[in-house]
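Have a look at the structure that comes next, please.
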Amino acid sequence: MDSEGFGATIEDVVELVHAGFAAEQHDLVWELLQRIATAVPEHSVRRVQVAALMLSCGDWSALEHQADEATIDYRDVLAPAFYPDH
């Protein structure tokens, strides 16, 4: 994965889930990530999931907020994660 999230893989997503959330939260985290997967274009799924996880900083409610944002307009998750100065 590059610095703008291109090339993000499921392995990147798994790594961020394990690094950012307690094991007992993983099922709930994956439910939110699945919500993102069904709401965004297929070619952007992993990138948006990575962005949401990055922005959440391991906080469940922040991840829930990012998932909600992604279902409305996924660019609202990508922009602050990968282009914070714009």
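Among the residues of the stretch 46-78, which ones are over 15 Å from Gln34 (Cβ atoms), hydroxyl-bearing (Ser, Thr, Tyr) and surrounded by 15 or more Cβ atoms within 10 Å (Cβ to Cβ)?
Ser56
Mind checking which residues of the stretch 52-86 are over 9 Å from the mean Cα position of the chain (by Cα), under 18 Å from Leu28 (Cβ atoms) and not aromatic (Phe, Trp, Tyr)?
Residues satisfying the conditions are Cys57, Gly58, Asp59, Ser61, Ala62, Glu64, His65, Asp68, Glu69, Thr71.
Restricting the stretch 6-35 to residues that are assigned to a helix (DSSP H, G or I) and among the β-branched types (Val, Ile, Thr), which is surrounded by the most Cβ atoms within 10 Å (Cβ to Cβ)?
Step by step, filter the stretch 6-35, then rank; the result is Val29.
Here is a list of conditions, (1) surrounded by 13 or more Cβ atoms within 10 Å (Cβ to Cβ); (2) at positive phi, and Ala81 meets all of them except one; can you say which number that is?
All conditions pass for Ala81, except number (2).
Another question, then. Determine whether Ala52 is under 13 Å from Pro80 (Cα atoms), part of a helix (DSSP H, G or I) and at pLDDT 95 or above.
Criteria met by Ala52.
Checking Gly58 against (1) on the phi > 0 side of the Ramachandran plot; (2) in contact (Cβ under 8 Å) with a residue 40 or more places away in the chain; (3) small (Gly, Ala, Ser), which single condition isn't satisfied?
With respect to (1) on the phi > 0 side of the Ramachandran plot; (2) in contact (Cβ under 8 Å) with a residue 40 or more places away in the chain; (3) small (Gly, Ala, Ser), Gly58 is out only on (2).
The values are calculated or read from the model by the stated rules, or taken from the named source; none is laboratory data. Everything quoted here is computed from the prediction, not taken from an experiment. Every residue, glycine among them, receives a Cβ derived from its backbone with ideal geometry; neighbour counts consider all protein chains shown.
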